[in-house]
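One structure is given here, and the rest of the page talks about it.
Bear in mind these aren't lab numbers, they're just calculated from the coordinates by the rules spelled out. These figures come from a predicted structure and were not determined experimentally. Cβ sites come from the backbone with ideal geometry, for glycine too, and all protein chains shown count toward neighbours.
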Amino acid sequence: MIDCRIYNQDDYQFLREMLFEAVFWSRTDNDRPSLEKGLSYDYTKYVLVDFGSREGDIAVIAEIDGARAGAAFVRYWNDDQNIRGYIAEDIPVLVIGVVNDYRRQGVGSALIESLKSEVKENGISSISLCVTKSNVAYHLYTKQNFKIVQNIESSYNMLWEA
């Protein structure tokens, strides 16, 4: 059974690992940077800085039998500093990562459902994300009522509205 709970500071390292999974999910072991190297790139190094201190920082952790299986979080960005999936300053961007051993077991769906509840409770009515067109998670996002709003080369920016 998948249990989702709200993030706490003890989960910070795991959140970093799930950011890494979200970014490098398709890379083979031979083509994959180390965690520290992967999270030092320009497009990853600022994503989790001071996570939890900015308004709208919300994360959930999925657990199976007490083991952390995945994480999803949203964060607001702006025109000057943002990540893939950014659409507008008033729409937080979703990042989701699932531990490899727990993929294709419903963890992603559970995380998104839990996160949608949390964002609604916090007065947030929409979230965006970016998904590579070849990522099987695209189907998960469409089932979760995310709609394509931008077609960007090999990716889609998608939007969910409550």
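List the trypsin sites (Lys or Arg not before Pro) within the range 1-66 that DSSP assigns to loop and that have no more than 12 neighbouring Cβ atoms inside 10 Å. Spell out each step's value before the answer.
Details: sites: Arg5, Arg16, Arg27, Lys37, Lys45, Arg54; in loops: Arg27, Lys45, Arg54.
Those satisfying the criteria are Arg27, Lys45, Arg54.
Listed values [x] -0.68, -1.06; [y] -0.44, -0.82; [z] -0.39, -0.77 include one computed from this model; for log10 I(q)/I(0) by the Debye sum over Cα atoms at q = 0.11, 0.15 Å⁻¹ that value carries the label [z]. Grab the beta carbon distance between Ser109 and Val49, set R0 = 30 Å, and tell me the FRET efficiency rounded to 0.05. About 0.55, to the nearest 0.05. Full extension of the chain between Ser34 and Asp101 gives 22.3 nm of extra length, using 0.36 nm per residue less the Cα-Cα distance. Comparing Cα centroids, the range 1-27 and the range 129-149 end up 19 angstrom apart. Put a dot 7 Å past the Cα of Lys143, heading toward its Cβ, do the same for Gln9, and the two dots end up 3.7 nm apart.
For a quick check of your reading of the filter: which trypsin sites (Lys or Arg not before Pro) in the range 80-139 sit in a DSSP loop and have no more than 12 other Cβ atoms within 10 Å?
Details: sites: Arg84, Arg103, Arg104, Lys116, Lys120, Lys133; in loops: Arg84, Arg103, Arg104, Lys133.
Those that pass, being in a loop and sparsely packed, are Arg104, Lys133.
Amide hydrogen proximity for Ile58: with H placed 1.01 Å from N in the peptide plane, the residues at 5 or more positions away or on another chain lying under 5 Å are Val74.
When only Cα pairs under 8 Å and 6 or more residues apart are kept, what is the percent relative contact order across the chain?
Once normalised by length, the contact order is 21 percent.
Within the straight-line cut-off of under 26 Å between alpha carbons, the lysines reachable from Lys143 are Lys116, Lys120, Lys133, sequence neighbours fewer than 8 places apart in one chain being disregarded.
The spacing between the range 56-87 and the range 91-109, judged by their C-alpha centroids, is 10 Å. Charge dipole of the range 2-120 (Cα centre as origin; +1 on each Lys and Arg Cβ, -1 on each Asp and Glu Cβ, all else neutral): 300 debye, rounded to the nearest 20.
Using θ = phi - 60° in the Karplus curve 6.51 cos²θ - 1.76 cosθ + 1.60, the 3J(HN,Hα) couplings for the range 107-119 round to 5, x, 4, 4, 5, 5, 4, 5, 5, 4, 4, 5, 5 Hz; x is entered for Gly and Pro. In the range 2-120, taking the dipole from charged Cβ atoms about the Cα centre, the farthest positive-side position among Gly85, Phe51, Phe73 is held by Gly85.
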